[in-house]
1. Specify the angular offset, from 0 to 90 degrees and rounded to the nearest 10, of the alpha carbon long axis of helix B:109-135 from the longest principal axis of the alpha carbons in chain B.
2. Please report the relative contact order for segment A:64-183, taking Cα pairs under 8 Å with a sequence separation of at least 6, and give it as a percent rounded to a whole number.
3. Run through the other copies and list how far each one's label point is from that of residue B:63, in nm with one decimal, shortest first; the point sits 7 Å from Cα along Cα-Cβ.
4. For a quick check, take a GNM of chain A with Cα springs below 10 Å and name the residue from A:40, A:27, A:95 with the largest mean-square fluctuation.
5. Whose Cβ in chain A comes nearest the axis that rotates A onto B, and by how many Å?
6. In nm, one decimal, shortest first: how far is the label point of residue B:173 (7 Å from Cα along Cα to beta carbon) from the matching points in the other copies?
7. How many Cβ atoms of partner chains, on average, are near each residue of B:162-174 if near means within 10 Å of its Cβ?
8. Could you work out which residue, out of A:105, A:148, A:62, moves most in a Gaussian network model of chain A, that is, has the largest mean-square fluctuation with Cα springs under 10 Å?
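Bear in mind that the values in this text are calculations on the coordinates, not laboratory data. The shown structure was predicted, so the numbers you read here are calculated from the model rather than taken from an experiment. Positions of Cβ are generated from backbone atoms using ideal geometry, with glycine treated the same way; all protein chains shown enter the neighbour counts.
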């Protein structure tokens, strides 16, 4: 029976390899090499590279669970929570795996479903936060919370994408500052 | 001597194939099959798939030349020009090739240089338009034109990316409406 830790290690390595080199550019061999496990072990746990890809997306998404919870429930003012959430994405020059997989895999039905679910729940987290800000008067209310939430998530993915071409975080810092300015009630 | 039209046909096919399936997922064979030319002909014109990829990026970018010129010089009010430019991106569920290549190829030096150039000139077009809007009082001036221009381009790439997961254009329509609302001077 395979050790349970092998599966976790393969997911971890899949995440690292897909994130750095892209999904299509990475083979199963590169993932098992990174994980230091034999290729046979891979097929004990996963039917295919697609199967791993979906597990990797799930694992990546779970990493942000605390960050997303902090959008919903917090003592911080809503705009500060949004700023903190956006700032958490300002450190990574490999882009966001969600955006990268959207670019490469949007037309594959299973990935499409999984990615749609990811975006929908992320948008719902922002929506809850924005609703609070609209109630306390800190966030503009000439647009619905849902529309603004969707705007933030999609725009953030674009900014994180462009970050891949940058040598520093200046674009993301400017992006964050501008987004907050746009959201603030006048 | 190879017919000059073969090269153009290969670039055209490269654009179609890379755009639909992604760069890494598409081989030279798929491109020459699409172009209906023998593989040998490919290597008369291109040293490598990378070489073709850079030509494809250039050709894709040239397609938008008129659209970008209309941001700079036009009788239309600046906000209407921005709206028209964003609307031109609302029809394509394969995403934007610039964004797709950024996702896949940002770390390849030649692509990185080419993509940085593309973004910089696109941002400059928006900047010229925003400066005009700030002068005539239609666009807010609490942020520099350059920072807002960069915000628009990066956010648009994110919205076009998310469009790949959508069955209709509603996200892009909402995106455009929200962006215009955010830019408008109060």
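1. Tilt relative to chain B: about 20 degrees.
2. Working: 101 pairs, mean separation 41.9, N = 120.
Once divided by the residue count of segment A:64-183, the mean separation gives 35 percent.
3. For residue B:63, the inter-copy label distances come out at 3.3 nm.
4. Most flexible of the set in this elastic network: A:40.
5. Checking which Cβ lies nearest the axis yields A:158, 1.
6. 4.0
7. 4
8. For chain A, modelled as a Gaussian network with Cα springs under 10 Å, the answer is A:62.
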